[in-house]
Structures are given as structure tokens and as C-alpha cells.
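The values are calculated or read from the model by the stated rules, or taken from the named source; none is laboratory data. Values in this document were obtained by computation on a predicted structure and should not be read as measured data. When we count neighbours, we look across all protein chains shown, and the Cβ atoms used for this are built from the backbone with ideal geometry, even at glycine.
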Amino acid sequence: MKIILFADNEVGLKILEFLMKNFESDLQHVVTAKKNSIYRFAKKNKLKVSIYNDFIKLSNNLNFDYGILAWWPNIIPEALISKANKGFINTHPSLLPFNRGKHYNFWAIVEESPFGVSIHMVEKGIDTGPVIAQKEISYSWIDNGESLYFKAQIEMIKLFKKMYPDFRKNIFNKTIQDLSKGSYHNSYELEIATKIDLNKKYLGKYLINLLRAKTFKGYQGCWFEENDEKYEITVNINKIKNE
């Protein structure tokens, strides 16, 4: 098995550490978005590593079985996907076919859809390929966009570690997604969805879901405007203990 690992964020680093410790010979090349902690880890361990823009120039001369997208932020061009002998797999933080595309943690809460993490084959459509591994994640009223984000990270790392030993032996099933039962969202939808209209009537449950879905430290919450001023809203929900 020869893989090229496209790694980013904490998930990418943990997956790289796992592969380095247990299946180092599988790692033909590591690709990072920039010179970050993943890049430095690969260099320290004498792995072949490139920043993505530089890697593209080398890709014509590579022979590899799989490309693995570990929390990778960018869409891989079809020309590169076609170079893999067996294809690409992607780690997507939603319970596919629900919440394909962007802002999975926000839409799961707003639409009250099942949540989880999935590993799937990469095809032409965005997050449409057959699923090879999944884990559902439960959530409750005290969760928000931030907590779902970190739950997805933790469970994705666990799922990859569980899946990979059999995957490399070609022991896995492909489950075709029923896209008619799922959902897809573009990045531009978030700004529109999170504007609160002060003159509009909302169901209480929907409004609370909207506010907590956009609550994430360091990011703007839901927002509204009045008298040419803009305001944001975040919420904190705690369960009241029975006395």
C-alpha cells in the first residue's frame, strides 16, 4: 500500500502520527496546506513532505494507490484524483448523506439532522462518493456549533484508526449514498441563515437552535441590525439539575 496523505488541522496531525507509528511504510508522501505543525512533524521524522502548491508540480511523476484527505480544506482537482491507482478517500465530518458541503456542525443543529463522521470515496460530486466507514454522534440541547466541531474531530480520529488496518488490506464495503435523503449546503448560505429579522416571527425551538448552532468561540454568532448598527448573539445553554 502506497498512500499520499493530505493532512490539515488536528485531525490530519493525529492521523499522520498514527500512520507514522503503525504503518510508516505506507506513507509515500505527506502534503500540507502550509509549513505548519504537520509539516514540521513530517520533516522531523524524515518523511517526504511538500506544501500543496509545490506538490502539484511533482504529482505527474508519482505512482501511488490511494490519496487520503485528512480534514483537508480544499477540493482536489479531478486530474490529480485520476492519478491514484485505486482512488481517493475523504474524511468528512457529517453523517453522510446529511450535511454534505460546508458548515456541517451548524446545519446539523438547525435542521435537527443526524450527526456524525464519515469516510468515503471521492467522486466528481462534493461528498457524494460511496461511504466506507461511519460513526453517528449523539448531541443534545447543551451542544452548540463549537461542541459538535470538536466532537467530530475526536470521533474522526477514532474512526480512521479503527478503519485503516482493514482498509489497507482491501477489506471494506462501499455503501452508495441515497442523496435524496440527505442535504447539501454551500458556504454562502451561512451569512444569510444567521441574520435575525427583528420583525419576523420565529418558532422558539428554531430560534434557539439557530443561536446555539452559530455559537463558537472566536467566530461571529447570529446577528441583527437596527438603526444602522450591527449586533451579534451567542447563547449558553445549561441543563438544570433536579433538586
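The number of residues in region 129-162 that are closer than 15 Å to residue 98 by Cα and either in contact with a strand residue (DSSP E or B) (Cβ under 7 Å, 6 or more places away or on another chain) or not assigned by TED's automatic domain parsing to the domain that holds residue 86 (or both) comes to 9. Looking at residue 57, is it among the basic types (Lys, Arg) and either in a helix (DSSP H, G or I) or under 18 Å from the mean Cα position of the chain (by Cα) (or both)? So residue 57 fits the description; yes. Can you pull out every residue in region 48-60 that is free of Cβ contacts under 8 Å to residues at least 24 places away in the same chain and under 27 Å from residue 101 (Cβ atoms)? 51, 53, listed by residue number. Selection of first residues in region 186-210 that are hydrophobic (A, V, I, L, M, F, W, C) and of second residues that are loosely packed, with under 10 Cβ neighbours inside 10 Å and not in a loop (DSSP other than H, G, I, E, B), restricted to Cβ pairs under 7 Å at least 6 apart or on distinct chains, gives the following pairs, ordered by first then second residue: 198/226. The residues listed here are 63, 74, 45; of these, the one that is within 23 Å of residue 118 (Cβ to Cβ), among the polar types (S, T, N, Q) and touching a residue at least 12 places away in the same chain (Cβ under 8 Å) is 74. The helices (runs of 4 or more DSSP H) falling completely within region 76-172 that include 3 or more residues that are of a type outside the set (Gly, Ala, Ser) and within 13 Å of the chain's Cα centre (by Cα) map to 104-110, 145-167. For first residues located in region 222-243 and on the phi < 0 side of the Ramachandran plot, partners that are among the acidic types (Asp, Glu) and surrounded by 12 or more Cβ atoms within 10 Å (Cβ to Cβ) and lie 6+ apart or on another chain with Cβ distances below 9 Å form the pairs 222/232; 223/232; 224/232; 231/225; 237/143.
If you go through region 65-75 one residue at a time, how many are assigned to a loop (DSSP other than H, G, I, E, B), at negative phi and at pLDDT 95 or above? Even if it seems obvious, please write down each step before you answer.
We begin by selecting, within region 65-75, every residue assigned to a loop (DSSP other than H, G, I, E, B); these are 65, 71-75.
Filter once more, so that each one left must be at negative phi: 65, 72-75.
In the following step, the residues that additionally are at pLDDT 95 or above were identified as 65, 72.
Number of matching residues: 2.
Inspection of region 166-179 finds a residue satisfying the criterion of being of a type outside the set (S, T, N, Q), touching a Ser or Thr at 6+ places or on another chain (Cβ under 9 Å) and surrounded by fewer than 18 Cβ atoms within 10 Å (Cβ to Cβ).
Restricting attention to region 149-160, does a residue exist that is among the basic types (Lys, Arg) and buried (at least 16 other Cβ atoms within 10 Å of the Cβ)? Yes. Residue count for region 1-47 under the criterion of being among the small types (Gly, Ala, Ser), touching a Leu at 6+ places or on another chain (Cβ under 8 Å) and closer than 17 Å to residue 67 by Cβ: the result is 3.
Of note, residue 98 does not satisfy the criterion of being farther than 18 Å from residue 2 by Cα and in contact with a His (Cβ under 9 Å, 6 or more places away or on another chain). Here residue 214 fulfils each of the conditions (1) over 18 Å from residue 113 (Cα atoms); (2) at pLDDT 95 or above; (3) not assigned by TED's automatic domain parsing to the domain that holds residue 102 apart from (1). Could you say whether any residue in region 7-23 is assigned by TED's automatic domain parsing to the domain that holds residue 152, in contact with a strand residue (DSSP E or B) (Cβ under 7 Å, 6 or more places away or on another chain), free of Cβ contacts under 8 Å to residues at least 24 places away in the same chain and exposed (fewer than 15 other Cβ atoms within 10 Å of the Cβ)? No, region 7-23 contains no residue that is assigned by TED's automatic domain parsing to the domain that holds residue 152, in contact with a strand residue (DSSP E or B) (Cβ under 7 Å, 6 or more places away or on another chain), free of Cβ contacts under 8 Å to residues at least 24 places away in the same chain and exposed (fewer than 15 other Cβ atoms within 10 Å of the Cβ).
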